[in-house]
1. Within segment 478-493, can you find the residues that are assigned to a loop (DSSP other than H, G, I, E, B) and in contact with a helix residue (DSSP H, G or I) (Cβ under 8 Å, 6 or more places away or on another chain)?
2. In segment 136-151, is there at least one residue being touching a Pro at 6+ places or on another chain (Cβ under 6 Å), buried (at least 17 other Cβ atoms within 10 Å of the Cβ) and not hydrophobic (A, V, I, L, M, F, W, C)?
3. Which residues, counting only those in segment 179-193, are surrounded by fewer than 19 Cβ atoms within 10 Å (Cβ to Cβ) and in contact with a strand residue (DSSP E or B) (Cβ under 6 Å, 6 or more places away or on another chain)?
4. Show the residue pairs that are 6+ apart or on different chains and have beta-carbon atoms under 7 Å apart, the first residue being within segment 458-470 and basic (Lys, Arg), the second being in a strand (DSSP E or B) and crowded, with 19+ Cβ neighbours inside 10 Å.
5. Among the residues of segment 266-282, is any of a type in the set (Val, Ile, Thr) and closer than 22 Å to Arg555 by Cβ?
6. Determine the pairs where a residue that is basic (Lys, Arg), located within segment 245-259, has a partner that is assigned to a loop (DSSP other than H, G, I, E, B) and crowded, with 23+ Cβ neighbours inside 10 Å with Cβ atoms under 8 Å apart, the partner being 6 or more residues away or on another chain.
7. Tell me, please, whether a residue that is among the β-branched types (Val, Ile, Thr) and free of Cβ contacts under 8 Å to residues at least 40 places away in the same chain can be found in segment 493-508.
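The values are calculated or read from the model by the stated rules, or taken from the named source; none is laboratory data. For clarity, every value in this text was computed on a predicted model and none was experimentally measured. Using ideal geometry, Cβ is built from the backbone for each residue, glycine included, and neighbour counts are taken over all protein chains shown.
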Amino acid sequence: MKSFRLTALVMILFIGIKSYAQSDYITLGSRQYDIIDRFEILLRKDGVLNFSTIKPYDRRVITQCLEHLKEKSVKGEISLSKTDKYNLDLLLMDNFEWRSNNSDTTRSIRAVFSKKSLTTPMYAGIKDGDFSFYISPIVNVQGGHDNNLNSSLFESQRGFYVRGTLTKNLGYYSYYTTNQERDPAYVQQYEKQYSAVPGEGYYKSYKTDGYDYFDARGGIMYKASKGINVQFAYDKVFIGDGFRSLILSDCSSDFLFLKINTHFWKFNYYNLFAQMVAPYQRGADHLLPASYMALHHLDFQATKWLNIGVFENVMFGRSNGYDLHYLNPVIFYTSAEQQQGSPDKTTIGATFKANAFKNTQFYGQLIINEFILDQVLHYGRGYWANKQALQLGAKFINVFTIKNLDAQFEANIIRPFVYSHNDSVSTSTNYNQPFAHPLGANLREFIAILKYQPIPKLQLKGTAIYYEQGLDSAGEDFGSNPFENYNNRPRDYGFKIGSGILAKCLLANLSASYEIIPNAFIDATAILRYYKKEGVPDFKTNIFTLGFRMNIQKREFYF
């Protein structure tokens, strides 16, 4: 741990010869990502938005891209619908401090409650030279009914988001909410299974079958040079272009990390050094065990419409803290692992994204956790160590020539044992939750999403998810649960997706959100879920919720 802190401190205090403006990042889950995805496809021959595999996005860089888009629209080089123009203007207002024509962004508390706040995002703050400080309120109140519970569902989140700059090349942000919730019955089953609240860390019980927790994130960002950004934060990261990520997603708790992003020519090189929480038994307060991750991802912008990437990551545990061998940003982790004779879990793979046709984008991920050529050539044997996963997806905008009707289709195929290991510290988990796919492995999943914005302030969304998963049986590990030691498997051959006790699930989510003022929504949601598992009664769920939120994404459970 001391070595990790020292490395982080050295990187943060590193002083470049020149100063370059440094911003914070757009919060994961923000609707800005859906809008940016749409604009990226619209600009497929431009390529300005194509470096977007790693999220969250840099607020300053995205604002520059959006201003470029607006300039092209004004010149008539690209056609935007009325709703697109509304979304574009709103995104530029959300990232107000980085707009080229905004010199003074100071706003007093009194001004927050003026008529201007009815048409602009709500914030208060000050800008004085290179120093800036902005604060926005966060509110989410939801209530609803689950046919499997006697008590009502509810969510209550209150907090604030702070962002700004200390100097021209040093930025900061802080996100804080206090939360109480009673989740649907199927989510409570998940929480009991893993002793974890999805997406969160430490929690306490609240009333009857409810949960109480804080969500506190924050970090500092340093612009070391024109092409190098450094971030030291406690937050989430998402790698990929799909609804799911098979590499690293935001479905688990926040974690501590040092990130170095280097952009040069047509390449974008991303390094992540992280400390997570290893699996533990919930009980009295005690120091939780640590696990560590090192990851690098290299993007290559092959053409204006094609982005390809390769990545490698390693999960490991050390009693004396972070392993210095993995701090080398350009070494192959497998080589470093072998030189030490360590049993660490190394994964390699590739990503791609192609805006190949008008209004269409294809994307995907390939994960290889172990590769034995002879067993791959004889795949039908079902060797347990054939640990690979594949994602393929497509996004379409203006479907059937209907403006602002967008669709997405995705398939995720994950072999057994992909996220497992023989050492619990080295599994692909964080805070008692899988950190890639929320369901773990040994599954096939198909996702369809339809989004429609018929008028600027109304957003409609339908999501359908179907999956089949093989679960453990009678104490034998069939590779779905990443917390299980893969040495507990019942055999070496005959593993296929669905091995074990077969479970099938169909989930449909329909939602409508109306924006009453910028970033403040009235939400209505209906969820139908049908879960079937061999040997137990079918589990049917009907959920209806209604609520209000401001400056925060909806809390949803897609599993």
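1. Answer for segment 478-493, where residues must be assigned to a loop (DSSP other than H, G, I, E, B) and in contact with a helix residue (DSSP H, G or I) (Cβ under 8 Å, 6 or more places away or on another chain): Gly479, Phe483, Tyr493.
2. Within segment 136-151, one or more residues are touching a Pro at 6+ places or on another chain (Cβ under 6 Å), buried (at least 17 other Cβ atoms within 10 Å of the Cβ) and not hydrophobic (A, V, I, L, M, F, W, C).
3. Gln180, Ala185
4. Short answer, once both residue conditions are applied: Lys461/Lys451.
5. Within segment 266-282, one or more residues are of a type in the set (Val, Ile, Thr) and closer than 22 Å to Arg555 by Cβ.
6. That search, which allows pairs on different chains as well, returns Lys259/Val237.
7. The answer is yes, given that some residue of segment 493-508 is among the β-branched types (Val, Ile, Thr) and free of Cβ contacts under 8 Å to residues at least 40 places away in the same chain.
Residue-wise test of (1) in contact with a helix residue (DSSP H, G or I) (Cβ under 8 Å, 6 or more places away or on another chain); (2) in a strand (DSSP E or B).
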| residue | (1), (2) |
| --- | --- |
| Ile368 | no, yes |
| Gly380 | no, no |
| Trp384 | yes, no |
| Leu392 | no, yes |
| Lys395 | yes, yes |
| Lys403 | yes, no |
